[in-house]
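A.B. asks: Could you have a look at this structure, given as structure tokens, before my questions?
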Amino acid sequence: YEMYRRDWSSDVCSSDLSVISIADKTVTEGVSSTTLISMTNPAGRTCSVSVTSANGTAVAPGDYNAYSGGTFNLVSVASDVLGVTVNDDLFIEGPETFTLTLALLPSSDPRCQLGDNTAIITILSNE
């Protein structure tokens, strides 16, 4: 007979997971907006994520205010709101985009995982 030790704490049913996602958003330049960070199955757990932004066709700091290292703690709640500052300019231009990306922090409950962790933010010109 083979003897072994099993770590039952790592056995998590998929129906017991909290999945954290961030939503895509379209905004008009010069208008501050928000995007939603959501969590399924939030009961009794803390899921912590950091948020960073990355340039696409929209470039910080001219088109938007960069986001780096912000931490959100979703504690037994289904969602939180992330503020997005989009700057106004005088240029006539087509839609521009940048991304916001979530990363799960090690302090999170082991039943937390990322779903759609990247939001595409589309900026529409107001000229």
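A.B. asks: So how far apart, in nm, are the two label points at ALA78 and ILE120 if each is 7 Å from Cα heading toward Cβ?
C.D. replies: 2.7
A.B. asks: Here's a follow-up. Of the candidates ILE92, ILE37, ILE20, which one comes out as most mobile in a Gaussian network treatment of the chain with C-alpha springs shorter than 10 Å?
C.D. replies: ILE92
A.B. asks: What net charge is computed for the residues neighbouring THR34, neighbours being all others with C-beta under 14 Å from the C-beta of THR34, Lys and Arg scored +1, Asp and Glu -1? Kindly include the intermediate steps, with their values, before the conclusion.
C.D. replies: Values: positive: LYS25; negative: ASP24, ASP80.
For residues surrounding THR34, the net value is -1.
A.B. asks: Turning to a different aspect of this structure: Hey, any idea what % of segment 29-104's accessible area is carbon plus sulfur with a 1.4 Å probe?
C.D. replies: Numbers: 2160 of 3630 Å².
So the carbon and sulfur contribution to the accessible surface is 60 percent.
A.B. asks: Compute the orientation-averaged projected area for the chain from the convex hull of its Cα atoms and round it to one decimal in nm².
C.D. replies: 9.5
A.B. asks: A further question follows. Would you mind checking segment 91-122 for residues with the amide N under 18 Å from a putative spin-label position 7 Å along Cα→C-beta of THR26?
C.D. replies: Once the point is set 7 Å along Cα→Cβ of THR26, 93-100, 119-122 turn out to lie under 18 Å by backbone N, inside segment 91-122.
A.B. asks: Moving on to the next point. Skip the ligands, DNA and RNA, and give the accessible area per residue of segment 21-119 with a 1.4 Å probe, whole Å².
C.D. replies: Details: 4870 Å² over 99 residues.
Normalised by residue count, the accessible surface of segment 21-119 is 49 Å².
A.B. asks: Going by amide H atoms built from the backbone, whose H comes under 5 Å of the H on TYR64, apart from near neighbours?
C.D. replies: VAL59, ASN87
A.B. asks: With springs only between Cα atoms under 10 Å, which of ASP116, ASP89, ASP80 fluctuates most in a Gaussian network model of the chain?
C.D. replies: Maximum among the listed residues: ASP89.
The values are calculated or read from the model by the stated rules, or taken from the named source; none is laboratory data. Everything quoted here is computed from the prediction, not taken from an experiment. Positions of Cβ are backbone-derived with ideal geometry, glycine not excepted, and every protein chain shown enters the neighbour counts. Keep in mind that these areas ignore ligands, DNA and RNA; they rest on the heavy atoms of the full protein, side chains included. Shrake-Rupley method; radii C 1.70, N 1.55, O 1.52, S 1.80 Å.
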